[in-house]
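Quick notes on the structure that follows.
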Amino acid sequence: MALIESFTDERETQLSREFLDQGYVVVDVDDKARLDAFRREIVKIACAHIGCGPPEDDGVFLNAIHEKVAVEDVNALRLHVFQQLNNNAWARPTFLSLARSAVDAVVGNELAMQNKVNLSIQMPNDPTSVLPVHADPWSAETPFEVVQWMPIVDVYDTKAMFILPPEANRTVRGKMSNLPNGGRDFDLFEEFKDDFRWIAVPYGKVLVFSPLLLHGNIMNVTPETRWSFNCRLTGLFTPYTSEEKCLGRFYTPITPKVLSRVGMNYKEPEGFDG
């Protein structure tokens, strides 16, 4: 048996290097058949809302949903799918399982997870679905989290999202301190658009990224609709920076190990001074 000198395996080491260098990793989902089943459930929910029968091809149906639903009705569809999905006990466990190996490598295996899996539907030429440049800690979320971002269709070009790489992010954030209101009212995308990196994520892959990096999207000018799900994950024992978005409110413990349970329930004997 060979002896080793590293506490991490080769894949974890490689993912860690990519994450530090890029601020994200794009990997194959851990179970493609499970992803197909997840997508099939989303299609069933959408069809029930629209009032149509099951399609022959789930991907074609989702990509062309703008042919069945008007832009002014897309938010009602999104909310319906979001609510129905999160009513299922399998929603978060299934979602996380599709990127579990990458999340474990980047974050750890004792996790807290956002209470809901979020959904974005971005139809072609719909200005109402634009997500301006931002970083999640601006909304009081912990800087120790990652976002698992998973499309259920191919995403590319303006159908995708963009991220500012770590080195450029540090430069831009430094400039923002000299802007009024910390740059929140400034068009960061227009000013730094050459530095942003568009992340193509084909169906069957998942993106795990640091929301400390500036990110967002612009109007989708491709001929297809984007369907993407996202959820935030953090280490169970990492710091939380606000009472609003803390453990028990915004995040739920999901994978505490048995020894952590034992340790958290330990109480010193009365009068014991060590």
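Computed from the coordinates by the stated procedures, all read-outs in this text should not be read as laboratory data. Owing to the predicted nature of the structure, the values given are computational and were not obtained by experimental measurement. Ideal geometry is used to build each Cβ from the backbone, glycine not excepted, and the neighbour counts take in all protein chains shown.
Of all residues in the range 207-231, those satisfying the criterion of being in a loop (DSSP other than H, G, I, E, B) and out of contact with any helix residue (DSSP H, G or I) (no Cβ under 7 Å at 6 or more places or on another chain) are Ser210, Asn217, Pro223.
In the range 237-271, of all residues being touching a strand residue (DSSP E or B) at 6+ places or on another chain (Cβ under 7 Å) and of a type in the set (Val, Ile, Thr), the one that is surrounded by the most Cβ atoms within 10 Å (Cβ to Cβ) corresponds to Thr255.
Among the residues making up the range 9-57, those that are assigned to a loop (DSSP other than H, G, I, E, B) and in contact (Cβ under 8 Å) with a residue 24 or more places away in the chain are Gly23, Val29, Asp30, Asp31. Picking from residues in the range 10-27 that are over 17 Å from Ala99 (Cα atoms) and of a type in the set (Asp, Glu), the one that is surrounded by the most Cβ atoms within 10 Å (Cβ to Cβ) is Asp21. Here is a check on your reading of the model: is Pro256 in contact with a Ser or Thr (Cβ under 9 Å, 6 or more places away or on another chain), farther than 30 Å from Phe192 by Cα and part of a loop (DSSP other than H, G, I, E, B)? No; evaluated as a whole, the condition is false for this residue. If the condition is being among the small types (Gly, Ala, Ser) and closer than 19 Å to Val26 by Cβ, then the range 150-174 contributes Ala160, Ala168.
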